[in-house]
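Visitor: Questions regarding the structure given below will be posed in turn.
Laboratory data are not the source of any read-out in this text; all were calculated from the coordinates shown. Small disclaimer: the values here were computed from a predicted structure and weren't measured. Neighbour counts run over all protein chains shown; Cβ positions are idealised from the backbone, glycine included.
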Amino acid sequence: MTGDLNSPGSPRARKIIVAIDGPAGAGKSTIARHLARHFGLLNLETGAMYRAFALKALRAEIPLSDSAALVRLAQETAIRLEPGDAENRVLLDGEDVTGLIRNQTVTDAASKVSVFPPIRTWMVRLQQELGADGGVVMEGRDIGTVVFPHADAKIFLDAAPEVRGMRRFDQLPSGHAHQPEDVIRDLHERDQRDRNRADSPLRPAPDAVLLDSTHMTLDQAVKAAEDIVSERLAAHAR
Ligand code: DC
C-alpha cells in the first residue's frame, strides 16, 4: 500500500500532513520519528516550542501564572524549530536550546505557559507556517484539532497513565534520584492541566484514529501507526 503513495497525484506527491496528538509519555515522539522516516516526511515536535518559551520565562523569572507578562515576553521572542533526523533543533532568539528543555522544571513550566490563549494563538500560527508546504508529521496536543484540522491522517496516541509514567521513568538518565511514583504523579498533574485547560484542551479530533499502546511493544505501535497512515492516505487518494 505504501508504494501507491509515490505515484503522481498521490497524497505523497501533494505533500501530506500527518497529525499525532496525545498525552505525555504515550510514545508520540518515537512514533512520529519512525513515520517521518518511513513516509519521507519532516518531523516537527511542537512541544519543543512551548518548552523553549517556558525556558525563556524561567530565565526571566516571570511568574508562570502572569499571563500579561508572558504575553509581553512572547512579543519579544523568536522561536525556530529545525527538523533533524533524531530530534528537532530548537532555536530561542537564535540560541540553540535543544539540550536545555527536557528537564523536569522546563517540562512543568511548558505545561503551565501553554494554557494561555494568546500564547497558543502565537504558537499555532508559527506551527501553521512551518507545516504550510506539507510533507510533515507534526506532533503535539492540538495538531489534529486546531493547527491542522484538515490533516490527511490523524492519530491520537494514548496509553494507561502508569505505563506512560514507567516509560518516562525508564528514559531518565542514569544516576537520577527520582522514584517511579514521583514520575507518575508529575505526569498525572501535567495530564490534568493539558486536558482541562479552557483553550484547545488535549482531546482526540473527531476523525482521529485512536491508538492505545498500553499493551504494545514499540515495534507493534510503530507498525500500527504506519498502517493507520497508509490506510488513511489510500482512502484520501480514492
Ligand atoms: O510534547 P511535550 O511533552 O514536549 O509538550 C510540553 C508541553 O507543551 C505539554 O505539557 C503541553 C504543551 N503543548 C501544547 O499545549 N500543545 C502542543 N501542541 C504541544 C505541547
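Visitor: Only loop residues by DSSP count here, and only those with at most 15 other Cβ atoms within 10 Å; note down the trypsin sites (Lys or Arg not before Pro) in region 94-201 that meet that.
Guide: ARG102
Visitor: Further question: In nm², what is the average projected area of the convex hull enclosing the Cα atoms of the chain?
Guide: 12.8
Visitor: So if I take the centroid of the Cα atoms in region 160-238 and the same for region 64-143, what is the distance between those two points in Å?
Guide: 19
Visitor: Would you mind getting me the FRET efficiency between GLN220 and ASP108? Use the beta-carbon distance for r and R0 = 30 Å, nearest 0.05.
Guide: 0.45
Visitor: While we're on this one: Quick one: of LYS15/LYS112; LYS15/LYS56; LYS15/LYS154; LYS112/LYS223, which pairs are farther than 26 Å apart, Cα to Cα?
Guide: Beyond 26 Å between Cα atoms: LYS15/LYS112; LYS15/LYS56; LYS112/LYS223.
Visitor: Starting from the Cα gyration tensor of region 53-136, take the square roots of the eigenvalues, sort them a ≥ b ≥ c, and report rounded, prolate or oblate (rounded when a/c is under 1.5, otherwise prolate if a/b is larger than b/c, else oblate).
Guide: oblate
Visitor: While we're on this one: Which number comes out as Rg/Rh for region 120-205 once both Rg and the Kirkwood Rh are worked out on C-alpha atoms?
Guide: Using only Cα positions, Rg/Rh for region 120-205 is 1.05.
Visitor: Expressed as a rounded percentage, what relative contact order does the chain have, with Cα pairs under 8 Å and six or more residues apart?
Guide: 31
Visitor: Mind listing which GluC sites (Glu not before Pro) in region 16-106 are in a DSSP loop and have 11 or fewer other Cβ atoms within 10 Å?
Guide: Passing both the DSSP loop test and the Cβ count: GLU61, GLU76.
Visitor: When the helices in the chain are scored as -39500 (n - 2.57) per DSSP H run of 4 or longer and the sum is shared across all residues, what 222 nm value do you end up with, to the nearest 500 deg cm²/dmol?
Guide: Per the formula, -14500 deg cm²/dmol.
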